[in-house]
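Written out below as structure tokens is the structure these notes cover.
The values are calculated or read from the model by the stated rules, or taken from the named source; none is laboratory data. These numbers come from a predicted model, not from an experiment. Cβ sites come from the backbone with ideal geometry, for glycine too, and all protein chains shown count toward neighbours.
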Amino acid sequence: MRHVACIGAGMTMFSRRLKETGKEMCFEAARMALDEAGLELSDIDTVVCGSAPDAFDGIHMKGENLLDGCGGAKKPYMRVFTGGGTGVLAPIAGWWHVASGVSDVCMVICEEKMSSCFPHPQSAFAHIWDPILERPLQPNLVWIFAMEMNRYMQVHNISKEDIALVSVKNKGNALDHPSAQLAAKITVDDVLNSEVMAWPVQRLDISPPSDGAAALIFAAEDKVGPITDNPVWVEGVGWCIDSTMWTNRDLYFPQYVARAAKMAYRMAGIHNPFKEIDVAEPYDPFDYKELHHMEGLLLCKKGEAATLTKEGVTQRDGDLPTCPSGGLLGVGNPIAATMGVKACEIYWQLAGKAEKRQVADARTGVCQAWGDLMQYSSVMVMRS
Amino acid sequence: MTRVAIVGAGCTDFRSITPEVSWKEIMYKAASRAYHDAGVDPRRDVNSFITCAEDYWEGFSIFDEFTPDQVGAVLRPMITTCGDGIYGLANAFMQIKTGLMDVVAVESHSKISDLITYRDVVLFAFDPVYNRPLGGHPYYIGGLEMRKYLQKTGATEEDCAHVVVKNKKNAMKNPMAGHEADLTVDQVMKSQPMFEPLKKLDIAPLSDGAVVLVLACEEKAREITDNPVWIRGVGWASDTCWLEQRQWWRAVYTEIASKNAYKMARISYPRKEIDFAEVDDKFSYKELQHIEAAQLCPPGQAGRLVSEGYFDADGAFPVNRSGGSLGCGNLIDASGLQRALEVVLQLRGEAGSRQLDGETGVAVSWRGVPTASGASIVLGVDP
Amino acid sequence: MKKFAGERLSSEEMKEVTHEEWAPAVKYAWSCGEAMSRFLNELKKGKLIGRKCHKCKRVIFPPKMFCEFCFRPTDEWVYLPDTGTVMTYSLSYLDKDARRIEEPILVGVIAIDGASEHMGIMHYFSEMDPDDLDFGLKVKAVWKPEKEREGSVTDIKYFKPLEGEK
């Protein structure tokens, strides 16, 4: 298998509303990644775009519309889309473009412009539901998370206080991220006093909708040398989808995350994830999700993630720094563009470029994205 | 690195409406047939699944959610490509080449009959600032392009009508096709003007249908079948997305995609080394444009050649023996996969009364108005 | 690291900047197909129906014409009682447009009796104290009067605690 490295990354600000168009955001992220790698667009053979529902940007086949900002004109250009899982699935697609030998240097751009959707990006989520079984009930997206959170809390007897610690940590971590939309020093009480949306979910348990873009460049082993002496190697990739029928499974444990993680760890030769991984960026659209995914990523036993959080293990100076970027909760959630705080963050961490967010001695890292109807996960392991 | 072959193929009929099945059931049918054809159990033998779809064709945000159960992908690696079927094949090809996957299934379908406001959805793909406010029926883009193509190449509207006659007649021999007809050039020329110079019969009508192909690495391919169809090369590309900047008369995306596919396939003289082609013909003139862009005839000559019968079923270089989109129906993003399917059937000797001679075929796709994107795949009986 | 690009806008500024608006006319009529058509027709009659796979022996609800684990057609229709157990639930203070409401909507997933483990559907709960909504609660469907039923999941108005339960 051809060895592939990340050699440059970029992202825009994340914000509830950005002035830039989707194309412009793509360009900014791509330009930043190219500059970091010291490359020009002509050095890129193939381009992969990751972007989640067209409904947000308000353009059918939006991948086609974004392609110039992504640098895809006159090139092999392709879009992949697996809901919220796109943030790590798109870089995995970039990986296979290069690992297959078809391409030597592939640039991956992820973009989302949720602010174009009126009256509120939530409206686009009305269409993720099954038209026969679910839409007639007029569900709100928060319900499905609330039901999963409730089940997770019940099975493991986890309190809201324990879960709120994740929100406190991530929003706090985000204070060191220049792109952050919702960085703040909050307390557990702030979370518990915030507006109840759908019990047990409260306002400060949730990440915000955002506009943003991110870019990541992959290069084949034999091309890396002249470009950089600081490559970050892709060691393992995994992805998995569960059945559409989320009502037919017990939501307390995300099996599909575990399968994706096992696939990635097997490839990376990792047998004891907690010991061998130095930094983790699991997907955190809600605070309980970080815990849910830590367990799915086999970083700890089922039901144990809240304890690790309480003990400070997941702080930047803990044994397993988790979401040092500030994650979706702190930096923002532009669906596919969350690659910027997942895959790009792990790259920056392992390359020693994470500035104020830098985790000491980070050599092996894992990033994960999640999406669809409590259904999808993509996982990538990297090493410097 | 391993070679990659297509070892299983399955599809439903291509019909203008399919009210008796849901989109899930149509996918299941095609998938079942493909797995049966390959003799594989998707739950045990298939490592990865790829679908090719766009939300707005289907009516869902995140259509990816609704795909795994009916193709056997529950709790398996699966992705959705927002591209046509040949892009899906390209992803499967790459996944197998990495060594990570051995057997990959690629699915694409059209259930476009479920979409009531097709015109509005196609218009929704236009640039929201520069193009969409002009409104109108989006197919006027086809009219603009056709006019430029005819002007630059000297091809005539009659030449384009020949494409329609050829393809719909070819479809008579394709039991899967839904829009077969025995027409004359005169009938096409007299059909209702729609987006001048495009006339009604120049435009492929919409169809429902699903196609699934199963790919495998060389080792598995030889275990699974005595009749693998080898992927010799694949390419995909986009021209600029801007209508204002594109080459209206050349399919630049096909030029790039085909060049890359031929390079991979080590083909230097496509016209000589390829025996037949299945190219996109959602509009009649597109077939000519794609033939030229894929270097299957000298530039600007496709119009003259089609009228001379060069691309007929019994001509020197058969194009769209399946009937193409004009004969089978426009299968939206599944069109490319239908073209690849035809090449597979032909190379296996399973094309019934449509059978051609040939050891190498190429399938060329286009993603439709308003895109300038498409893919090409070269398939052969030998790797 | 370079400064990150992007100019933030407030919701007021969003209205001021030059922009284009478009409301897409997007309408679909999905063929229900065999399984869902029967499912909806049975709902109209006040019944729940599932499908059984003879290979894995699962009774699948809502019904599917194929078993996603065995990847083969399912074999027979099975009527199911309209009772079940609460697998998970939520109290929503938001309506479908994300507007705040005073009285919460009670919603959850009900595993239907007679179907295989965890074969649930999402639906509402009512005729109960929100505090009594809990995991494992036994519930029963409350149907619309026959002439009001249309062949939709809303032919069931909601689920309520089974007689004898709190």
(request) Scan C:Ala111, C:Ala115 and give me the residue that is modelled with pLDDT of 95 or more, in a strand (DSSP E or B), in contact with a strand residue (DSSP E or B) (Cβ under 7 Å, 6 or more places away or on another chain) and not hydroxyl-bearing (Ser, Thr, Tyr). (result) C:Ala111
(request) Tally the residues that are more than 18 Å from B:Glu350 (Cβ to Cβ) and not hydrophobic (A, V, I, L, M, F, W, C), restricting the search to region B:25-55. (result) 13
(request) Starting from residues that are polar (S, T, N, Q) and either assigned to a loop (DSSP other than H, G, I, E, B) or more than 14 Å from chain B (Cβ to nearest Cβ) (or both), keep the ones in region C:1-40 and report whichever is surrounded by the most Cβ atoms within 10 Å (Cβ to Cβ). (result) C:Ser31
(request) Tally the residues that are over 20 Å from B:Pro193 (Cβ atoms) and surrounded by 21 or more Cβ atoms within 10 Å (Cβ to Cβ), restricting the search to region B:133-158. (result) 1
(request) Looking at (1) more than 8 Å from every other protein chain (Cβ to nearest Cβ); (2) under 30 Å from C:Trp22 (Cα atoms), find the lone condition where A:Gly8 falls short. (result) (2)
(request) Check A:Ala99, A:Ala124 and return the single one that is within 24 Å of A:Ser15 (Cβ to Cβ) and within 8 Å of chain B (Cβ to nearest Cβ). (result) A:Ala124
(message) Would you confirm whether or not region A:111-121 contains a residue that is modelled with pLDDT of 95 or more, within 7 Å of chain B (Cβ to nearest Cβ) and out of contact with any Leu (no Cβ under 7 Å at 6 or more places or on another chain)?
(response) no
(message) Here are the criteria: (1) farther than 28 Å from B:Ala261 by Cβ; (2) within 22 Å of the chain's Cα centre (by Cα); (3) surrounded by 24 or more Cβ atoms within 10 Å (Cβ to Cβ); (4) within 14 Å of chain C (Cβ to nearest Cβ). Tell me which single one A:Arg31 does not satisfy.
(response) (3)
(message) Need the failing condition index for B:Trp248 against (1) touching a Phe, Trp or Tyr at 6+ places or on another chain (Cβ under 9 Å); (2) modelled with pLDDT of 95 or more; (3) not acidic (Asp, Glu), just the number.
(response) (2)
(request) Output the residues belonging to region A:291-319 that are more than 19 Å from A:Met382 (Cβ to Cβ) and either of a type in the set (Gly, Ala, Ser) or under 15 Å from the mean Cα position of the chain (by Cα) (or both). (result) A:Leu291, A:His292, A:Gly303, A:Ala305, A:Ala306, A:Gly312, A:Gly318
(request) Look through region A:180-196, keep the residues that are modelled with pLDDT of 95 or more and in contact with a Ser or Thr (Cβ under 8 Å, 6 or more places away or on another chain), and return whichever of them is nearest to the other protein chains (Cβ to nearest Cβ). (result) A:Val191
(request) Looking only at region A:345-376, count how many residues are closer than 24 Å to A:Ala37 by Cβ, over 9 Å from the mean Cα position of the chain (by Cα) and buried (at least 24 other Cβ atoms within 10 Å of the Cβ). (result) 8
(message) Give all pairs with beta carbons closer than 7 Å in which a residue from region A:236-250 that is facing another protein chain (nearest Cβ under 7 Å) and buried (at least 23 other Cβ atoms within 10 Å of the Cβ) meets a residue that is β-branched (Val, Ile, Thr) and part of a helix (DSSP H, G or I); count only pairs at least 6 apart in sequence or on separate chains.
(response) A:Trp239/A:Ile92
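Any residue that is without any contact (Cβ under 8 Å) to a residue 24 or more places away in the chain and within 24 Å of A:His177 (Cα to Cα) - is there at least one of those in region A:21-28?
Within region A:21-28, not a single residue is without any contact (Cβ under 8 Å) to a residue 24 or more places away in the chain and within 24 Å of A:His177 (Cα to Cα).
Here is a yes/no grid of residues against (1) free of Cβ contacts under 8 Å to residues at least 60 places away in the same chain; (2) buried (at least 24 other Cβ atoms within 10 Å of the Cβ); (3) within 22 Å of the chain's Cα centre (by Cα); (4) away from chain A (no Cβ under 11 Å):
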| residue | (1), (2), (3), (4) |
| --- | --- |
| B:Gln70 | yes, yes, no, no |
| B:Ala73 | yes, yes, no, no |
| B:Pro77 | yes, yes, no, no |
| B:Thr81 | yes, yes, yes, no |
| B:Leu89 | no, yes, yes, yes |
| B:Ala105 | no, yes, yes, yes |
| B:His109 | no, yes, yes, yes |
(request) Out of C:Met65, C:Met87, report the one residue that is surrounded by 14 or more Cβ atoms within 10 Å (Cβ to Cβ) and within 14 Å of chain B (Cβ to nearest Cβ). (result) C:Met65
(message) Take C:Ile105 and tell me if it is part of a strand (DSSP E or B), within 11 Å of another protein chain (Cβ to nearest Cβ) and in contact (Cβ under 8 Å) with a residue 60 or more places away in the chain.
(response) no
(request) May I ask you to list the residues in region B:41-65 that are more than 10 Å from chain C (Cβ to nearest Cβ), at pLDDT 95 or above and surrounded by fewer than 24 Cβ atoms within 10 Å (Cβ to Cβ)? (result) B:Asp45, B:Asn47, B:Ser48
(request) Within region C:68-77, track down each residue that is surrounded by 23 or more Cβ atoms within 10 Å (Cβ to Cβ) and either of a type in the set (Phe, Trp, Tyr) or under 17 Å from C:Ile112 (Cβ atoms) (or both). (result) C:Phe71, C:Thr74
(message) I'm trying to understand the selection: among the residues of region A:127-179, which are buried (at least 18 other Cβ atoms within 10 Å of the Cβ), among the charged types (D, E, K, R) and more than 10 Å from every other protein chain (Cβ to nearest Cβ)?
(response) A:Lys160, A:Asp162, A:Lys169, A:Lys171, A:Asp176
(request) Please name all residue pairs, on different chains or six or more residues apart, with Cβ atoms under 6 Å, provided the first residue is in region A:51-68 and is facing chain B (nearest Cβ under 7 Å) and touching a residue at least 60 places away in the same chain (Cβ under 8 Å) and the second residue is part of a loop (DSSP other than H, G, I, E, B) and of a type in the set (A, V, I, L, M, F, W, C). (result) A:Pro53/B:Ile62
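Suppose we filter region A:330-383 for residues that are on the phi > 0 side of the Ramachandran plot and more than 13 Å from chain B (Cβ to nearest Cβ); how many remain?
Number satisfying all stated conditions: 4.
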